[in-house]
1. Taking the beta-carbon count within 10 Å as an exposure proxy, list Asp28, Asp13, Asp3 from fewest neighbours to most.
2. Taking a spot 7 Å from the Cα of Arg68 along the direction of its beta carbon, which residues of region 4-43 have an amide N less than 20 Å from it?
3. If you place +1 on the Cβ of every Lys and Arg, -1 on the Cβ of every Asp and Glu, and leave all else neutral, what size is the dipole of the chain about its Cα centre, to the nearest 20 Debye?
4. Quick check on the exposure proxy: order Thr97, Thr16 from fewest to most C-beta atoms within 10 angstrom.
5. Check each of the GluC sites (Glu not before Pro) in region 1-81 and keep only those in coil by DSSP with at most 12 other C-beta atoms within 10 angstrom; list them in order.
6. At 0.36 nm per residue, minus the direct Cα-Cα distance, what do Ala98 and Glu14 gain on full extension? Give it in nm, one decimal, please.
7. What is the sum of charges around Pro12, taking Lys and Arg as +1, Asp and Glu as -1, for the other residues whose C-beta is under 11 Å from the C-beta of Pro12?
8. When a/c is below 1.5 the answer is rounded, else prolate if a/b is larger than b/c, else oblate, so apply that to the chain with a ≥ b ≥ c taken from the square roots of the Cα gyration tensor eigenvalues.
Amino acid sequence: MTDLSGASVEEPDEATMRTILDGLAGADDEHPDVSLTHENGWSLSAFPSGELLWLLWENLDEPDAQPRQIPAVAKDEVLRLFGLLAKGETAEIDRLTAP
């Protein structure tokens, strides 16, 4: 998982994910997001949007795959989705971002 400053945390637990998400309060134009990337190439990035977050879902290993967005997501839901991705369970995130 990558925090706002670009520091990486290998295999973060839920408390670490929550702390990194809380760091989005300090987001700016240069450091706008935090992300979690699984070894399978799938990445979920969270950006602040008022009281909610919006997410970018993309496969970094597949340059032809179109990134997809999930707007207006509560922090607890983001944590749940990060947890799924950490386990490599991408089907539900795919379903949420399906066109």
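Here, each number is a calculation from the coordinates, and none is a lab measurement. Every value quoted in this text rests on a predicted model; they were computed, and no experiment measured them. Cβ: placed from backbone, ideal geometry, glycine included. Neighbour counts: every protein chain shown.
1. Working: Asp28 7, Asp13 11, Asp3 20.
So the ranking, lowest neighbour count to highest, is Asp28, Asp13, Asp3.
2. Hits in region 4-43 for Arg68 at 20 Å: 35-43.
3. Working: 6 positive and 21 negative charges, 66 e Å.
The calculated dipole for the chain is roughly 320 debye.
4. On the way: Thr97 17, Thr16 13.
Lowest to highest Cβ neighbour count: Thr16, Thr97.
5. On the way: sites: Glu10, Glu14, Glu30, Glu39, Glu51, Glu58, Glu77; in loops: Glu10, Glu30, Glu39, Glu51.
Passing sites in region 1-81 are Glu10, Glu30, Glu39, Glu51.
6. 27.6 nm
7. On the way: positive: Arg18; negative: Asp3, Glu10, Glu11, Asp13, Glu14.
Net charge in that neighbourhood comes out at -4.
8. rounded
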